[in-house]
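The values are calculated or read from the model by the stated rules, or taken from the named source; none is laboratory data. Everything quoted here is computed from the prediction, not taken from an experiment. Please note: Cβ atoms are built from the backbone with ideal geometry, for glycine as well, and neighbour counts cover all protein chains shown. What goes into the accessible areas is simple: the full protein's heavy atoms, side chains included, and nothing from ligands, DNA or RNA. Shrake-Rupley method; radii C 1.70, N 1.55, O 1.52, S 1.80 Å.
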Amino acid sequence: QSQEFSQVRIDYHGALLALQEHGTRMVCTGKMHTDRICRFDYLCYCTEAEEFVFFHSNASVMLPNLGPRRFQPALLDLSSVEDHNTQYFNFLELPAAALKFMPKPVFVPDVALILNRFNPDNLMHIFHDDLLPIYYTMQQYSDLDDEARLVFMEGWGEGAHFDLYRLLSSKQPLLKEQLKTFGKLMCFTKSYVGLSKMTTWYQYGFVQPQGPKANILISGNEIRQFASFLMERLNITQEEGDDYIVVFKRTTNRLILNEAELLLALAQEFQMRTVTVSLEEQSFDSIIQIISGATMLVSMHGAQMITSMFLPRGAAVVELFPYAINPEQYTPYKTLASLPGMDLQYVAWRNTMEENTVTYPDRPWDQGGIVHLEKEEQERILASKEVPRHLCCRNPEWLFRIYQDTTVDIASFLEVLRETLKKPNLKKAKVASTVHPGRVREPKCQTSVQATNEAKLSVSWQIPWNLKYLKVKEVKYEVWIQEQGENTYMPYILPHQNYTFSENIKPFTTYLVWVRCIFNKNLLGPFADVLICKT
Ligand code: UDP
């Protein structure tokens, strides 16, 4: 492997001199360790000590210069999972003069993106924590292009789907373990450290029970752009064809025990072909090919459901939950399907019939076994009808229940599908516009007093500037009127560009009036500057 850097594009002597003279330079974004990404010139890594090294010289820069706060608790998160204490990044400091006494550094000429993968054996984690954040971190920095070198520092082996990481750049990603083969001291000529968290939508329950992130910043558009990028790299093109339903099955645990019956019921109910896929029986590429043309995806809750991001717009996602699991509390795939612009229909079904579940108390704890627990605790778990809210990741009751096999009760299954799915929508969804109105222009008010207890307030405005270039089905205006000094206001939805208010308008009173435009019921524009109107 060390051959790989031997046709070095940079001149070794020059690089060594630059490192000795200028030392390391670091400039970061972000106020906190949880939102920080740092760019380095000449960040080094000592493979024996397994430490990154910052070389100080007269020309080195460290911004932010946090002093000892750099350790409280860290400079930054190396994975996209927020503030996880096994994923922190920091470096050791040395004077550049110490280089004279150290092994000759090996320079990495490529622009590197240095990060931790969070759990590269689990497909959901691979997409949500690694691939999407890497892809959009690379979009953020223009020198992280197709020639960029990904460097994975979490210390795992390649993992189950390393090929997916390979799609993100033309260079082979490096694992921590491989760095040793390059020598004792490696120096990254240019590197970025850390990942954008902008694209993640789910928190796994380390500090509070799992659920959607509080402030989701990604929409279906960015997910679909990323999915298209991957499909292009995989040479998958979506073929037009008949409608079909995909049942994504697991084959080692969390099984659907009456799969044949379920397939038959789906085929009859929707008059469609059904196909099954599993990660054990198909290549990942062929699964994506199949899912990208499907009308409906049916699957037990589990990481394989992340592939729903490849479904066409309008398709349905049907997630099955084993006995005693409340679907409302485990919503990574529901949240994904429900992102604005994702345009997927989502349905959850849960097994409520205890006689239809098969438990595995004798398995190892990490596959949901409970025989290692005290007798009383085992009995409590067996008697419980729903797993109470819990934190990640080793709750035995949760693991016991989530690894059950299930016979799907066809009647109740079809019932929730009939209740929730809008049939005409299947696969036909159009891309809804996401263009928001601008501010209404030239807002004005006029007032008149009719009598001692009667007044009028007329408000008018011009259309937002961008409206004349748009075809919008429904344009409405919202007007808020507040009597000065009061803390409530009256809201009105109006179809035209002017209106005269007389109800609830008092003489010799000051009103504050806000106006904004609304496209198609839910695309809200900004309010224009407040109008101050005295009757
Ligand atoms: N997996 C699979 N078939 C199985 C069981 C698991 O393909 O029968 C995959 C699953 O999709 C995930 C990984 O193995 O990528 C780990 O599964 P686990 O049950 O630990 O996680 P979960 O699916 O609950 O997130």
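Using θ = phi - 60° in the Karplus curve 6.51 cos²θ - 1.76 cosθ + 1.60, the 3J(HN,Hα) couplings for region 31-40 round to 8, 10, 4, 7, 10, 9, 10, 10, 10, 10 Hz; x is entered for Gly and Pro. At q = 0.24 Å⁻¹, what log₁₀ I(q)/I(0) does region 12-88 have when each alpha carbon counts as one equal point scatterer in the Debye sum? Those come out to -1.20, one per q.
The simple spin-label model puts a point 7 Å past each Cα toward its Cβ; for Met32 and Ile216 those points are separated by 2.1 nm.
Distances between placed amide hydrogens fall under 5 Å for Gly211 paired with Gln203, Gly205, all partners being 5 or more residues away or on another chain.
Here, P(r) means the percent of Cα pairs in each 10 Å bin from 0 to the largest distance; for region 358-489 it is 8, 18, 13, 13, 13, 16, 12, 5, 1.
Structure note, pairs Lys468/Lys534; Lys471/Lys521; Lys171/Lys213; Lys176/Lys334: Cα-Cα distances above 23 angstrom occur for Lys468/Lys534; Lys171/Lys213; Lys176/Lys334. Toward the positive end of the charge dipole of the chain, with +1 on the Cβ of Lys and Arg and -1 on the Cβ of Asp and Glu, the farthest Cα among Ile370, Tyr244, Thr274 is that of Tyr244. Ligands, DNA and RNA left out, the 1.4 Å accessible surface of the chain is 51% carbon and sulfur atoms. Between His372 and Gln139, the modelled labels are 4.2 nm apart [label points 7 Å from Cα along Cα→Cβ]. Taken over region 428-530, the alpha-carbon convex hull comes to 107 cubic angstrom per residue. If you plug the beta carbon distance of Thr352 and Val431 into 1/(1 + (r/R0)^6) with R0 = 45 Å, you get a FRET efficiency near 0.75.
Around the amide H of Leu255, modelled in the peptide plane, lie the amide H atoms of Asp405, Thr406, all under 5 Å away and 5 or more residues distant in sequence or on another chain.
The loop-placed GluC sites (Glu not before Pro) in region 460-535, going by DSSP, that have at most 12 neighbouring Cβ atoms within 10 Å of their Cβ come out as Glu474, Glu486, Glu503.
Taking every Cα-Cα distance in the chain and sorting them into 20 Å bins from zero, the calculated P(r) comes out as 18, 38, 32, 11, 0 percent.
Quick note on region 320-387: its Rg to Rh ratio, both from C-alpha atoms and Rh being the Kirkwood radius, is 1.10. For Phe91, the shell of other residues with beta-carbons less than 10 Å away shows a net charge of -1, using +1 for Lys and Arg and -1 for Asp and Glu. Considering helices alone, the calculated mean residue ellipticity of the chain at 222 nm is -5000 deg cm²/dmol, with DSSP H runs of length four and up weighted by -39500 (n - 2.57) and normalised per residue. Rounded to the nearest 20, the size of the Cβ-charge dipole of the chain about its Cα centre is 1980 debye, with Lys and Arg at +1 and Asp and Glu at -1. Set the Cα radius of gyration of region 247-404 against 2.2 N^0.38 Å, with N its number of residues, and you get 1.10. Overall, the ratio between the Cα radius of gyration of region 136-273 and 2.2 N^0.38 Å, rounded to two decimals, is 1.44.
Coupling constants for region 498-515 follow from the phi torsions by the Karplus curve (6.51 cos²θ - 1.76 cosθ + 1.60, θ = phi - 60°), and in residue order they are 7, 6, 10, 9, 10, 6, 6, 9, 9, x, 6, 9, 9, 10, 9, 10, 10, 10 Hz; glycine and proline get x.
Compactness of region 211-333 is given as radius of gyration and Dmax, 14.9, 41 Å, from Cα positions.
Extension gain for the segment Gln446 to Ala97, taken as residue separation times 0.36 nm less the Cα-Cα distance, is 118.1 nm to one decimal. With a ≥ b ≥ c taken as the square roots of the eigenvalues of the C-alpha gyration tensor of region 4-133, please select rounded if a/c is under 1.5 and otherwise prolate if a/b is larger than b/c or oblate if it is not? Verdict is oblate for region 4-133.
For region 448-509, the per residue solvent-accessible surface stands at 69 Å², with DNA, RNA and ligands left out and a 1.4 Å probe. With bins 10 Å wide beginning at 0, the percent of Cα pairs of region 327-429 falling in each bin runs 13, 36, 29, 17, 5, 0.
Restricting region 453-535 to trypsin sites (Lys or Arg not before Pro) that sit in a DSSP loop and have at most 12 other Cβ atoms within 10 Å of their own Cβ leaves Lys471, Lys473, Lys521. Relative to one another, the C-alpha centroids of region 85-99 and region 496-513 are positioned 65 Å apart. Our compactness index for region 225-271, the C-alpha radius of gyration over the empirical 2.2 N^0.38 Å, is 1.60.
Couplings 3J(HN,Hα) for region 140-156, derived from phi with the Karplus relation 6.51 cos²θ - 1.76 cosθ + 1.60 (θ = phi - 60°), are 6, 10, 5, 7, 8, 9, 5, 9, 5, 9, 7, 10, 9, 9, 5, x, 7 Hz, where x marks Gly and Pro.
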